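The values are calculated or read from the model by the stated rules, or taken from the named source; none is laboratory data. Being a predicted model, the structure only gives us computed values, none of them experimental. In this analysis, Cβ positions are derived from the backbone assuming ideal geometry, glycine residues included, and neighbour counts consider all displayed protein chains. Ligands, DNA and RNA are excluded from the accessible area calculation, which covers all protein heavy atoms including side chains. Shrake-Rupley method; radii C 1.70, N 1.55, O 1.52, S 1.80 Å.
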Amino acid sequence: MCKENPKTILVLFGGCSTEYAVSLESAAAVLEHMDTKKFRALPVGITRDGRWQRYRGPVSALPADRWQQQDCVPCALTLDRGGCALLWQDGSGRRETFDAAFPVLHGKNGEDGTVQGLFALAGVPVIGCGVLASALCMDKDRAHKLAALAGVDVPKSAVFRRGTAPEEIAAAADKLGYPLFVKPVRAGSSFGISRVGRPADLDAAVTEALRHDSEVLLEEAIPGFEVGCAVLGNDDLTVGAVDEIELARGFFNYEEKYTLKTSAIHCPARVTPEQAAAIQTAARTLYRALGCRVFARVDLFLTPQGRIVFNEVNTIPGFTAHSRYPNMMKAAGLDFSALVTRLIELGVQPE
């Protein structure tokens, strides 16, 4: 690993994902709160069509997606193990070394183990979960199977590949019962997810889910409400305050997650101390079972009977001004700047 002091952190944003816009907001917040006495940021944007650009413009241009009109240089990674270098592709041959990579990328091609694998090949520490945990947590079906083996309740579900006969999917839906959720197996920010209340709407929901992945998940609707828990750490884990999503209608889809038009997030959640402790225990269990490191947000359901049911783990949760992970950690006593510092410190620790 390179020995610069302060440590140079390559911050990746954008990406070939439906969550490109959210990544820009998250990365801007991370860059704004990075301690410049301890770290030097090396911002690199990935365009929607997959071009890597060394970004040297203002952080303020990111949220509005104006960064590509600023000071950008085409670049690429040198993948020689231990090389720790970003290579400018403008003919200058300039190399910039760095100590670790912080992929502030959401969804596919960023949160699913692909970018993590790239840095693993080069021997570069990653601020966040590794290849296996990232891939597992992105895969709702396999994550649920491991959660069940770890002793955490999961929703009843059925998985089908693209090309499965509609009659087979309809039979599984009838068995699960309506209402139910139809989801892409691998996608984030609720893209492609539909709440289906009647058989007549099933085909359209399956078609929408398959726009985002090659497999579709049918999942029973769990009564109650969604709760979440931020987890931080490698060997010793810190858990944030439990939060709660209050919905006026429907479910917590992409629009509600980033606008809160008709929903609200309560942090701490309006649950008993005993329920909060049980949710935090389940979050720790799932974090360990799925092999997470550095940080992740664990999402669960709490039923009217007090049953805790697994929903999903986000290995790169949002870091926008109204994102849940930093707010849960703030409620637990860790402000945004201190959180970013702690994430980097944990990320550079040997696995």
query = What's the percent breakdown of Cα-Cα distances in the range 117-163 across 5 Å bins, shortest bin first?
reply = 5, 17, 21, 17, 14, 12, 10, 4, 0
inquiry  = Only bridges whose two residues both fall in the range 44-168 count here: according to DSSP, what percent of them are antiparallel, nearest 5?
reply    = 95 percent
remark   = Mean-square fluctuation maximum in Gaussian network of the chain, Cα pairs under 10 Å, restricted to Glu208, Glu167, Glu312, hits Glu167
message = If every alpha-carbon in the range 23-70 counts as one equal scatterer, what log10 I(q)/I(0) does Debye give at q = 0.13, 0.33 1/Å?
response = -0.28, -1.41
message = Less than 13 Å apart at the alpha-carbon level, and either on another chain or at least 8 residues along: which aspartates and glutamates does that give for Lys175?
response = Glu167, Glu219, Glu220
task = Express the carbon and sulfur contribution to the solvent-accessible surface of the chain as a percent, rounded to the nearest whole number, probe 1.4 angstrom.
result = 51 percent
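Normalised by the empirical 2.2 N^0.38 Å for globular proteins, what value does the Cα Rg of the range 156-226 take?
With N residues counted in the range 156-226, Rg over 2.2 N^0.38 Å equals 0.99.
Taking R0 as 25 Å, what's the FRET efficiency between Arg40 and Asp90 from their Cβ-Cβ distance, rounded to 0.05? Don't skip to the answer; put the middle values down first.
Details: r = 21 Å, r/R0 = 0.83.
The formula returns an efficiency of 0.75 here.
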task = Give me the compactness ratio for the range 86-231, meaning the Cα radius of gyration over 2.2 N^0.38 Å.
result = 1.31
Too-long pairs where the Cα-Cα distance tops 22 Å, listed order kept, from Lys38/Lys108; Lys7/Lys330; Lys156/Lys183 = Lys38/Lys108; Lys7/Lys330
query = So which aspartates and glutamates pass the test for Lys37, namely a Cα distance under 18 Å, with those fewer than 8 places away in the same chain ruled out?
reply = Glu4, Asp99, Asp335, Glu345
